[in-house]
Each structure stands twice: as C-alpha cells, then as structure tokens.
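Okay, structure first, notes after.
What follows is calculated from the coordinates using simple rules that are stated; it is not laboratory data. Owing to the predicted nature of the structure, the values given are computational and were not obtained by experimental measurement. Glycine gets a Cβ as well: all are built from the backbone with ideal geometry, and neighbour counts include every protein chain shown.
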Amino acid sequence: MEILVSGSMAYDRIMDFDGKFSDYILPDQLHMINVSFTVNSLTENFGGTAGNIAYSLSLLGEKPRILATIGRDYHRYFEWLKKNGVPTEDIRVVEDELTAGAYITTDTGDNQITVFNPGAMKQQSCFAFDSVDPKDCLAIVAPGNLRDMADYTAEHQRRGIFSIFDPGQSLPAWEPAALAKCISQSRMLVCNDYEMEMICNSTGMSREQVGETVETMVVTKGQDGCDLVTASGTAVIPVVPTDDAVDPTGAGDAFRGGLIKGMAEGLPMERAVQMGNVAGHYAVRTYGTQQYSFTMDEFNAKLEQHFGP
C-alpha cells in the first residue's frame, strides 16, 4: 500500500544555557529586553512532522512518500532520508528559503526559549495525485503548511483516499469553520487529549459531536494510554511501560508511524493503535525525534510481550 505523509520538514537546533534566564530578564525592564546568552553546546536534529512520521515508518519497513517543502539547505536531510530508505522525489525544494527551523534554548531550570522560522514551509508542496491509486493508498495530513492541509484533506475526500487528519500544533492558526471542515473531510482524526479540548473549544462541538463527523478518532493521553473511538464505542489502549523514558519529543509522530503501519497491513484498528504505542515507547527512550531505532524482530517481540500475539 502507498503511504502519503504530508506535513513539515525542519531542522531542530537545540542549545543548553548554563544558567537561569530569570537572572538576566529583569521584571521591571520587560518593555525593553536586550539580552544575550552564551550557550554550552548546539546540536542539530532532523525534525518536522512529515520527516518524523516517515522515519518511524521506515523503521517498520515502509517507504512513504513525503508531501512537504524544504529549503535550499536540504542536502543533509536528503542524505539522511536516503540512508533510511525514504524517497525524496515528492519533496519540493524551495531555493529562495531555508528549511523550517526551531531554535530551542534550555536553561538549568528546564525553562525554554524557542524561536521558530517557518522558512520553506510558507510555500505549498504542490503534489500531483495523478500517480496515486486511491484504492491502494493511505494518507496522513500532519501539521505543516495550512493551505496544504486544507487542500489535501479535500483532495483525499474527492479521490476516495483514506485520510487521517492530525492538526496538532497547527490548531491555534485555524478558523473554526475551516478546522471543522478538514476534520469532516477525513476518515480519521488523531490528536492528544489537550488538542481534543482545543478542537472542541474552537469548533463549539463536544467530543461526541466531533466523533460523529469521522469514522474513527484516536486520542492519546500520555501515560493513560489512548482512546480508540468508533461507532462501536470507546476502547482504551494502554501504553507500553517505559522506565527509562528521557524525552517525549517526537513520540506522537512515532506513534502515528506505528498506527499507519498497522492500518496499511489491514490489521484491526485496536492492533494498529497498539503498534503506535510500541513505536512511541522506543521514541521516548532517546533525545531527539529521529534518534531512536529498532529492528522488526525487536518491535514485534515488544508488541507481543505487552499486547499478546
């Protein structure tokens, strides 16, 4: 089955400041802040929702097509994707922009200052669907260019492509009517518990009313597992216990990779959600969104250990 992953491509640049921001930001001078922080280190990680989901799928033996934009500094990211067997032909290179970038500085109190440059993400990815067989295709629309998100959900519905809508961190940017339309044009909604509340507040609908507009909803709840909501009712899928978790960043994208893999294999939806939880388990054990790894044997053993054959 062909898998289409639309969303963002980004470089995450993470820095550590050996001090506390509060020692340098004076409360009575907030109207004229002018501070400079010297950091101890800088690491660059590959990120973005589309890149992260595609990476998770690559570990599971899939070769998803990425529908996204990337800037003129794309070379390192393309090399990484090719190393992991992910095709890059559908990613649109925007030569007059840099790739989207998040610049995250953390102080010794775990306070963070983040600056995000959307860069190439300001442009649409302009994917042509003529080469896609709707009957053998599964798509996810993850946070990225808003126009892409709206256009692709509509195009998926028009062509009969099974579409998962994953608004995530893009939620504050949506007009209520446009958000509700994108959800109703999709077959599945995936979000976390907090994002579900944001959707309800924005659209004015209850969770039950939102659920009536899609066939399936998957709501992740951190350590409390996931709610799988269908016409048959709600099933609660537990997480995989992880005593050595160090960083939740990217776990949601890893989860989506496992979920999509299970769906692509035609497995029951409950099993697909379980696979998502196993992928998320591996992601939280490392820093960074594409630093974790596993073999299929390890993945399947973990899946059977916690959820049975």
Picking from SER41, CYS126, VAL141, whose Cα lies most toward the positive end of the charge dipole for the chain (charges on Cβ: Lys, Arg +1; Asp, Glu -1)? CYS126
How big is the dipole moment of region 121-210 about its Cα centre under a simple scheme where the beta carbon of each Lys and Arg is +1, that of each Asp and Glu is -1, and everything else is neutral? Debye, nearest 20, please. 180 debye
Magnitude of the Cβ-charge dipole (Lys and Arg +1, Asp and Glu -1) of the chain about the Cα centre, nearest 20 debye, reported as 600 debye
Under a 10 Å cutoff between Cα atoms, tell me which one of PHE37, PHE127, PHE255 has the largest fluctuation in the Gaussian network model of the chain. PHE37
Degrees between helix 49-59 axis and first principal axis of the chain (Cα, 0 to 90, nearest 10): 60 degrees
Gyration tensor on Cα atoms of the chain, a ≥ b ≥ c root eigenvalues, a/c under 1.5 rounded, else prolate if a/b beats b/c, else oblate, says rounded
Which value at 222 nm does the chain reach when only helices count, each DSSP H run of 4 or more adding -39,500 (n - 2.57), with the total divided by all residues and rounded to the nearest 500 deg cm²/dmol? -10000 deg cm²/dmol
If each K or R counts +1 and each D or E counts -1, the residues other than GLY308 whose Cβ falls under 15 Å of its Cβ total 0
Hits in region 116-143: amide N under 17 Å from the 7 Å Cα→Cβ extension of GLN157, namely 139-142
Place a +1 charge on the Cβ of each Lys and Arg in region 36-105 and a -1 charge on the Cβ of each Asp and Glu, then give the dipole magnitude about the Cα centre in debye, rounded to the nearest 20. 220 debye
Whether region 92-227 is rounded, prolate or oblate, judged on the alpha carbon gyration tensor where a/c under 1.5 counts as rounded: oblate
Stretched out fully, how many nm does the piece from GLU212 to ARG72 gain, at 0.36 nm a residue minus the Cα gap? 46.1 nm
Less than 15 Å from a label point 7 Å out along the Cα-to-Cβ axis of PHE129: which backbone N atoms in region 65-94 qualify, by residue? 67
Computed lengthening from GLU44 to GLU270, 0.36 nm per intervening residue step minus Cα-Cα distance: 77.8 nm
Can you tell which of MET217, PRO172, ILE14 lies farthest toward the positive end of the dipole of the chain, using +1 and -1 charges on the Cβ of basic and acidic side chains (Lys, Arg; Asp, Glu)? MET217
For the chain, built as a Gaussian network whose Cα springs stay under 10 Å, the top-fluctuating residue of PHE46, PHE162, PHE116: PHE116
Taking the Cβ of THR49 as the center, what net charge do the other residues with Cβ under 14 Å away carry, scoring Lys and Arg +1 and Asp and Glu -1? -4
Helix 269-283: angle to the longest alpha-carbon principal axis of the chain, degrees 0 to 90, nearest 10? 20 degrees
